[in-house]
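Encoded as structure tokens, the structure appears first; notes follow it.
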Amino acid sequence: MSGKKPETSTSRFAVLFGLRDSLPAGPAPTPPPAATPVPPPPKPPARAVVRLERKGRRGKEATIIEKLALPPLELERWCSDAKTAMGCGGAIDGDAIVLQGDLRRRLEAWLTARGVRKVTVAG
């Protein structure tokens, strides 16, 4: 004897299906939560100054975006978006975004498209 039970003519699932009607009713479904208002996107900065810098960079060009007055987390997001849009490397230096290469003209259009009202391109 292998210890197996003999097969019964009714399926175990059929027995459970028959017992389903004898179960008590579950809790009433809760209504979906009220739609929370989505906060408006943060206002873009009012101004930005874009300038080219070579000093202290061994002759390599770097484009600096200053005067954005953004919180640190938002500044990181803008830096990441600028690097992606311009196809270059970059970093945050204090409260400025530093991008590799001379991107002044392209950045002017990009910043205007992002909602910056006054873009000053120096030099």
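Pairing each residue of segment 52-72 that is of a type in the set (S, T, N, Q) with any residue that is surrounded by 10 or more Cβ atoms within 10 Å (Cβ to Cβ) and not in a strand (DSSP E or B), provided the two are 6+ apart or on different chains, yields C-beta distances under 7 Å for T63/G101; T63/D102; T63/L103; T63/R104; T63/L107. Which residues, counting only those in segment 57-100, are closer than 15 Å to V116 by Cβ and small (G, A, S)? Those that are closer than 15 Å to V116 by Cβ and small (G, A, S): A69, A82, A85, A96. Listed by first and then second residue, the pairs linking a residue in segment 98-113 that is within 18 Å of P45 (Cβ to Cβ) to a residue that is among the β-branched types (V, I, T) and surrounded by fewer than 16 Cβ atoms within 10 Å (Cβ to Cβ), with Cβ atoms under 7 Å apart and 6 or more places separating them unless they lie on different chains, are R104/V121; E108/V121.
Bear in mind that the values in this text are calculations on the coordinates, not laboratory data. Values in this document were obtained by computation on a predicted structure and should not be read as measured data. Cβ sites come from the backbone with ideal geometry, for glycine too, and all protein chains shown count toward neighbours.
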